[in-house]
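This report refers to the structure that appears directly beneath it.
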């Protein structure tokens, strides 16, 4: 057997895989939370069962489970102003970007190789470049092959929606239970500013006519998916002064038509990407504008806030990408699926999650009981597993939590450059990290040196490693209690 | 009469291949190539050339 391409230690959440498994085996029913549910309180049990392993559909699942995307369907029937089809760069992380396009057979090989090495793998998605419903033969061939070899991997697609109504019946037949539609407008006048053309019914349409057809097909596709009970996530790209205000209307329309989740994500725009928006100076929203819009959308279709706008060939936990470890030249030509690691991991996670849920309910209960009007914005360095378990200097992103009398909610993430590379902290990098953490009250991490800690303090941001390896919610509630001067919870492991 | 694909600009998305009503487009080496003998410029099948209408890169699928 070849050596693992990615070490399990690097991938599992808090400790090594074997240790986790040993804990699981020995813990038995001694856990105080045994028997409690791993399900968040506010969710229908049937829906929970369907999303609990899907990192993109459940914020809770994204701490434990990994997705992989395969770029098998490169042909597209819509041109978007934020997309440049020529682009391909291994260092770029954003939707539609990919380094190698795969045939369905190559994709199967890659999925098996990843499933053998990444026990967290639960979802296979086809998410560009191109459109999975338009380039349908390749999408279908890939799903059929993978479903035969690894029947329990969840299959999902992302689509612009134009060809979706033609594929809904087949998607349902193949047990595709999760679909994402990118919907940026419900008004063709707005759409005409986003889509220069579409290709539909053997001809190219432009302007308002193109946007109107796309809009009608998107709504029809969404309604058809909802009628079949397929869970649908709506992605909307926030384009300031083009559709930012309009997305409130979009949210209403998609909620009425049964969308499960709405993900508003910032336009990524840079002249170097060669997109129309990049070249014409259309800017994306900043973190504050994005959060303000997300807050205005609360109460409508449920919002997704943990999206990292990953690459079309991403592999791993959301927020991480090990895709470069699994390029075709690194995968053996013959691979056989071995279910053992994924099965063992699921056992560990089931236990760990029950424990986490219990700790979380307790923490949130404490906040609600505290009855203060204050809120606290906390940035957490985490490697997964829902714990404060990454070093400040190693973090490539911080997960942002808001603690208030309403509870503890995940509100987003801030990407940063790693401060500590090869044992040395970079001054310039630290300045950029401090800027990225603007508005944050407290930083939680597993370890932080005095120098960055002092500099953060000078910028008005406190940082502490006192809650290292605690569950995030437990740590946040303890902090909140300390701020208010009430009795904190004992930190549970 | 035929269309051609400018290889250096082709993104290799393959949309032209499956839109072609004459089965005239094939992936060869680094790019999609239109076979002159098979290409009808979609005459009798569609009002516009399918390959050129769906191609995402301007001036890449053009009259030969």
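Quick note: the coordinates plus some simple rules give every number you see, no bench work behind them. The structure displayed is predicted, hence computed values, not measured ones. Ideal geometry is used to build each Cβ from the backbone, glycine not excepted, and the neighbour counts take in all protein chains shown.
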What FRET efficiency would be calculated for the residue pair residue A:166, residue A:372, taking the C-beta separation as r and a Förster radius of 60 Å, to the nearest 0.05?
0.65
antiparallel share of DSSP beta bridges within the protein assembly as shown, to nearest 5, in %, is 50
Taking every alpha carbon pair in the range A:65-330, what does the distance histogram look like in 5 angstrom bins from 0, in percent?
1, 6, 13, 17, 20, 19, 13, 7, 3, 0
Net length gained if the chain between residue A:432 and residue A:280 were fully extended (0.36 nm per residue, minus Cα distance)
52.1 nm
According to a simple spin-label model (label point 7 Å from Cα along Cα-to-Cβ), what is the distance in nm between residue B:46 and residue A:447?
6.0
Hey, fewest Cβ within 10 Å first, where do A:86, A:101 land in order?
A:86, A:101
Relative exposure of A:198, A:461, judged by other C-beta atoms within 10 Å (fewest first)
A:461, A:198
Fewest-first ordering of A:64, A:419, A:205 by Cβ atoms within 10 Å yields A:205, A:419, A:64
For the range A:340-484 the mean separation of alpha carbon contacts under 8 Å (6+ apart) over residue count, i.e. relative contact order in percent, is 28
Tail beyond 25 Å, pair distance distribution of the range A:209-316 (Cα, percent)
28
What one gets for the protein assembly as shown as the Kirkwood radius, inverse of mean 1/r over different Cα pairs in Å, is 24.9
When Cβ neighbours within 10 Å are restricted to other protein chains, what is their mean count per residue of peptide B:54-64?
3
Using only the Cα atoms of chain B, what semi-axes does the equivalent ellipsoid have when each is the square root of 5 times a gyration tensor eigenvalue? Give whole Å, largest first.
17, 12, 10
If you count, for each residue, the other Cβ atoms within 10 Å and average over each peptide, how do A:345-352, A:448-455, A:123-130, A:373-380 line up from highest to lowest?
A:123-130, A:345-352, A:373-380, A:448-455
Label residue A:105 and residue A:327 with points 7 Å out from Cα along Cα→Cβ: what is the distance between them in nm?
2.2
Remind me, relative contact order of chain B in percent, using alpha carbon pairs under 8 angstrom and six or more residues apart?
46
If you build the Cα gyration tensor of the range A:340-484 and take the root of 5 times each eigenvalue, what three semi-axes come out, in whole angstrom, biggest first?
26, 22, 11
Using the alpha-carbon centroid of each, what span in Å lies between the range B:5-35 and the range A:345-403?
50
Contour minus Cα-Cα span, residue A:256 to residue A:334, at 0.36 nm per residue, comes to 23.3 nm
Under a point spin-label approximation (7 Å from Cα along Cα-to-Cβ), what is the residue A:216-residue A:248 distance to one decimal in nm?
2.9
